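Everything on this sheet refers to the single structure shown next.
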Amino acid sequence: MRKFIIFLFAISLPNLVLAAEYVVDKSQSKIEFSGTHAGNAFKGDFEIWDAVIRFDDKDLATSKIEVTIDTNSAKTGNAMYDGTLPTADWFDVKTHPKATFTSESITKNTDAGYIAKGTLTIRGKTSPVEFSFTLSDFAAQPVKTSFSLTLNRLAYDIGKMSDAKAEWVSENIAMNISLSASVK
């Protein structure tokens with residue numbers, strides 16, 4: 001019986017191998033957001049966030065992306081916006097200090113890129129999110145990517161009490177992400 005258990009463990013070992021872990025260079029990476037307020041464009045970024053990235057382009061089933069964002073770190077450079085974003089109506093940082101993205105699958109795209117599908121949680125609301133991305137040459141470290149996605153702020157109750165019809169702040173907020181990471 002003992003030999004059988006050892007045999008089962010040995011044949012399952014290849015399935016336990018995880019994709020390579022990447023360390024993000026935050027000085028070369030950004031999570032930015034943009035939209036409009038009263039018809040005027042605004043742009044900001046999250047100053048505090050963390051990402052755990054495991055990626056193997058030959059075994060995408062073991063690849064995973066997990067991002068945690070400190071919602072209180074959203075900064076636009078506009079004192080009014082920066083004072084409003086942490087409040088209960090917007091990011092509600094006292095109750096929901098973190099936003100998270102967790103991938104559920106990463107697959108190859110037809111354009112030699114990839115598609116990540118997962119869930120995004122903001123203000124306690126979780127929704128499915130999907131985005132496409134491409135990567136720079138794996139042989140040249142660091143590996144870089146830039147991609148965008150659009151989020152409906154009202155789906156996460158962001159600003160819903162004061163601007164439920166998106167008359168002042170755009171309903172759709174663009175997220176622009178650029179990452180530079182190296183194998184750990």
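The values are calculated or read from the model by the stated rules, or taken from the named source; none is laboratory data. Just so we're clear, the structure is a prediction, and the values are computed from it rather than from any experiment. Reconstructed Cβ throughout: ideal geometry from the backbone, glycine too, with neighbour counts over all protein chains shown.
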Give me a count of the residues in the range 110-135 that are exposed (fewer than 13 other Cβ atoms within 10 Å of the Cβ) and at pLDDT below 95. 3
Reported set for the range 31-42 where residues are in contact (Cβ under 8 Å) with a residue 24 or more places away in the chain and exposed (fewer than 14 other Cβ atoms within 10 Å of the Cβ) is Ala38
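Tell me yes or no: at least one residue of the range 78-99 is over 23 Å from Lys43 (Cβ atoms) and part of a strand (DSSP E or B).
Just the residues of the range 78-99 that are over 23 Å from Lys43 (Cβ atoms), to begin with: 88, 94-95.
Subset that is part of a strand (DSSP E or B): none.
No, the range 78-99 contains no residue that is over 23 Å from Lys43 (Cβ atoms) and part of a strand (DSSP E or B).
Are there any strands (runs of 3 or more DSSP E) wholly within the range 22-66 with 2 or more residues that are of a type in the set (D, E, K, R) and under 13 Å from the mean Cα position of the chain (by Cα), and if so which? Working first, answer last.
Values: elements: 30-37, 40-46, 49-55.
Ranges flagged: 30-37.
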Those strands (runs of 3 or more DSSP E) completely within the range 100-184 that have 3 or more residues that are more than 18 Å from Ser29 (Cβ to Cβ), over 16 Å from the mean Cα position of the chain (by Cα) and not aromatic (Phe, Trp, Tyr) are none
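Could we say that Leu85 is surrounded by 15 or more Cβ atoms within 10 Å (Cβ to Cβ) and under 13 Å from the mean Cα position of the chain (by Cα) here? If you could, list the steps in order and put the result at the bottom.
Details: surrounded by 15 or more Cβ atoms within 10 Å (Cβ to Cβ): yes; under 13 Å from the mean Cα position of the chain (by Cα): no.
Criteria not met by Leu85.
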